[in-house]
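Below is one structure; the comments refer to it alone.
The values are calculated or read from the model by the stated rules, or taken from the named source; none is laboratory data. Just so it is clear, the model here is predicted, and its values are computed rather than measured. All Cβ positions, even for glycine, are placed from backbone atoms using ideal geometry, and neighbour counts span all protein chains on display.
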Amino acid sequence: MEGTQWKNDKTKKANTLPCVTVDFINSKTYIDNHSHLKEIQMKENISEILHHLIHEYKIKTKNLILNSGISIPISHIRLLKFINNTEHCTASSITRTLSLDKSQVARSLKDLEREGYITKHRHPDNHRSQLLELTENGAILIRDLIQLNQKTTEKMTNELTEQEIKDFIHIAEIMTRNLSSHNLY
């Protein structure tokens, strides 16, 4: 009886992967699931490659900065760059835009002011807020850091075409927007 049932059942299914069944007559299910597994592996590779890229970039940048004689924490550099690029910069705008802890930003700004890289001025429109500006020393430091950053970027993009760099920037911006959305899951 079972033999007859087997011959008449054109969609006999067998487990080939956990929770995945395959149609022996039409292998489309297997191909779809196999493609899905490859897609998962590819996405895991993206995560690993991005992690490795970020790690290498940070190490190379940090070593270049240390070897140049600049002794300032990387976190402070990020704030200096933001202040340099932001008109009417405030501690609140740094916290909000860079998604940093308010107390961490306050401590870093205090260090930068003590070292003579920034000044604080009362905000003309909001007396509870202070505008942050680079001092002459801060502007010189930023200029030097930009030059060092350019060296790291040149090394990183050495064998890439202009189009590949544009494509990378475009893809990285999309990924950043995807992760920045408040509805991750």
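Cβ-Cβ contacts under 6 Å between residues 6 or more apart (or on different chains), taken from a first residue in segment 154-174 that is surrounded by 11 or more Cβ atoms within 10 Å (Cβ to Cβ) to a second residue that is part of a loop (DSSP other than H, G, I, E, B), are listed as 165/157.
Tell me yes or no: at least one residue of segment 106-115 is touching a Lys or Arg at 6+ places or on another chain (Cβ under 8 Å), under 24 Å from residue 149 (Cα atoms) and surrounded by fewer than 14 Cβ atoms within 10 Å (Cβ to Cβ). Scanning segment 106-115 turns up no residue that is touching a Lys or Arg at 6+ places or on another chain (Cβ under 8 Å), under 24 Å from residue 149 (Cα atoms) and surrounded by fewer than 14 Cβ atoms within 10 Å (Cβ to Cβ).
Listed here are the residues, each with its yes/no results for (1) touching a Leu at 6+ places or on another chain (Cβ under 9 Å); (2) under 25 Å from residue 56 (Cα atoms).
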| site | (1), (2) |
| --- | --- |
| 124 | yes, no |
| 145 | yes, yes |
| 149 | yes, yes |
| 153 | no, yes |
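If the condition is being exposed (fewer than 14 other Cβ atoms within 10 Å of the Cβ) and among the basic types (Lys, Arg), then segment 116-150 contributes 122, 128, 143. Is one or more of the residues making up segment 123-136 modelled with pLDDT of 90 or more, on the phi < 0 side of the Ramachandran plot, over 26 Å from the mean Cα position of the chain (by Cα) and in a helix (DSSP H, G or I)? For segment 123-136, residues modelled with pLDDT of 90 or more, on the phi < 0 side of the Ramachandran plot, over 26 Å from the mean Cα position of the chain (by Cα) and in a helix (DSSP H, G or I): present. Across segment 154-184, the qualifying residues are those that are touching a helix residue (DSSP H, G or I) at 6+ places or on another chain (Cβ under 9 Å) and assigned to a helix (DSSP H, G or I), and the one among them that is farthest from residue 115 (Cα to Cα) is 175.
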